[in-house]
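Enquirer: Below you'll find the structure I mean.
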């Protein structure tokens, strides 16, 4: 699957503190929505799934 469209969370506020993500084949890419020409982080589908599962389990809350 190739989805080149960047997406921002529907929970993103209007303060601009957001990231955007897209799927490029078997990779998930993430960037800062305020700096769209800046660096892009890339993750495998397994890495992204593990990360989002951890977020849902509150593993990264302080």
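Read-outs: derived from the displayed coordinates by stated rules, not from any lab. Values in this document were obtained by computation on a predicted structure and should not be read as measured data. Please note: Cβ atoms are built from the backbone with ideal geometry, for glycine as well, and neighbour counts cover all protein chains shown.
Enquirer: With the Cα gyration tensor of the chain in hand, give its eigenvalues times 5 under a square root as the equivalent ellipsoid semi-axes, listed largest first in whole angstrom.
Expert: Semi-axis lengths for the chain are 18, 18, 10 Å.
Enquirer: In what order do 57, 22 fall by count of nearby beta-carbon atoms within 10 Å, going from fewest to most?
Expert: 57, 22
Enquirer: Sticking with this structure for a sec: Please compute the modelled spin-label separation between residue 35 and residue 9, points set 7 Å along Cα→Cβ, answer in nm with one decimal.
Expert: If labels sit at residue 9 and residue 35, their model points lie 2.0 nm apart.
Enquirer: Sum -39500 (n - 2.57) across every DSSP H segment of at least 4 residues in the chain, then divide by the residue count to get the 222 nm mean residue ellipticity, nearest 500.
Expert: Details: 1 runs with 12 residues, N = 62.
About -6000 deg cm²/dmol.
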